[in-house]
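Since the structure comes first, as structure tokens, the remarks are kept for the end.
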Amino acid sequence: MAEQNSLERLIGRDKTITSFMLVLMTALTAAYTIFGVGMPMSALDMTISMSGPTSQMPMMMKPMWTINYTIMVFLMWWIMMVAMMLPSAAPTILLYTALIRKANKAENIKKMIMVFTLGYLITWAFFSLLATLLQSGLEAKEWMSPMMMTLTNDILIAITLIIAGFYQLTPIKYACLEKCRNPASFLAENRNMGGNVALKMGLKHGVYCLGCCWFLMGLLFVGGIMNLYWILGLTIFVALEKLAPKGQTIAKVAGLLAGMMGVYQLAITIST
């Protein structure tokens, strides 16, 4: 009994430390996103500008896609993804922390948690790279405002909404969402993955999370990549569909609404 109580205290301490590190990482990445370190305009300034009259928007030079600027855009995307996705991934990371302690791997617990989290974030780095390349291509086609970082082509906006809404209703979305909503089942199924198990499990969990949310994150192109209202709204929505008791229903309803908005937008665009 004493040994069990001691183990429970150690698990509680480990989860407290892990929770603190996740909160700290989320706070730092959120601050980076809000203040747009290295970008021509911060997300805060851009959100204020987009909310006010067009005449009050600051004049900016069109950014050149140099290597340095491309790296900064990639970091913007990746750090923003960290800030948006870590809160909903926290239950899985905390449960993994407890499982490591129960498996008597205390000597490696900090390293394994860090490696697991890194594996998860690597998948979002891959998404961020693709998003950066897509942003560059859209700006080159003049289908996206380089200053406001939002789509300017109404048909493309409508198509994006329709596809995002349809994806919310697909079996692959449902399957990936189920893995994210059931961390205990995921960890139990993948705890025997051979060498570098922490990295492999982190990567696999990240792939499921990416499969669940990649098109939702693509909606940032519609609302504005650095629009804080959209960033916060999508963060809350992702947390709800992964953590709320009726998360699957929320996901489907949102998909239907997004699809309807896209069809309406497409109809208005074609008729004018």
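The values are calculated or read from the model by the stated rules, or taken from the named source; none is laboratory data. Treat the numbers as computed from the prediction; the structure is a model and nothing was measured. Note that we place each Cβ from the backbone using ideal geometry, even for glycine, and neighbour counts take in every protein chain shown.
When the residues of region 230-247 are filtered to those that are more than 19 Å from L219 (Cα to Cα) and free of Cβ contacts under 8 Å to residues at least 60 places away in the same chain, the one that is surrounded by the most Cβ atoms within 10 Å (Cβ to Cβ) is A244. On the stretch given as region 248-272, residues that are surrounded by fewer than 19 Cβ atoms within 10 Å (Cβ to Cβ), touching a residue at least 12 places away in the same chain (Cβ under 8 Å) and under 16 Å from K173 (Cβ atoms) total 6.
Only one of these conditions is not met by P245: (1) part of a helix (DSSP H, G or I); (2) under 29 Å from A98 (Cβ atoms). Which number is it? The single condition P245 does not satisfy is (1).
Applying a threshold of 6 Å to beta carbon distances and a minimum spacing of six or more residues, or different chains, the list of pairs starting in region 67-90 at a residue that is within 17 Å of G137 (Cα to Cα) and ending at one that is modelled with pLDDT of 95 or more and crowded, with 23+ Cβ neighbours inside 10 Å reads W77/A131.
Residue count for region 152-167, restricted to those that are touching a Ser or Thr at 6+ places or on another chain (Cβ under 7 Å) and in contact (Cβ under 8 Å) with a residue 12 or more places away in the chain: 3.
The residue that is modelled with the lowest pLDDT, among those in region 171-194 that are of a type in the set (S, T, N, Q) and touching a helix residue (DSSP H, G or I) at 6+ places or on another chain (Cβ under 9 Å), is N190. Go through (1) in contact with a Pro (Cβ under 6 Å, 6 or more places away or on another chain); (2) within 15 Å of Y208 (Cβ to Cβ) and name the single condition C176 misses. Result: C176 passes all but (1). Scanning region 22-50 for residues that are without any contact (Cβ under 8 Å) to a residue 24 or more places away in the chain and among the hydrophobic types (A, V, I, L, M, F, W, C) yields V23, L24, A27, L28, A31, F35, V37, I48.
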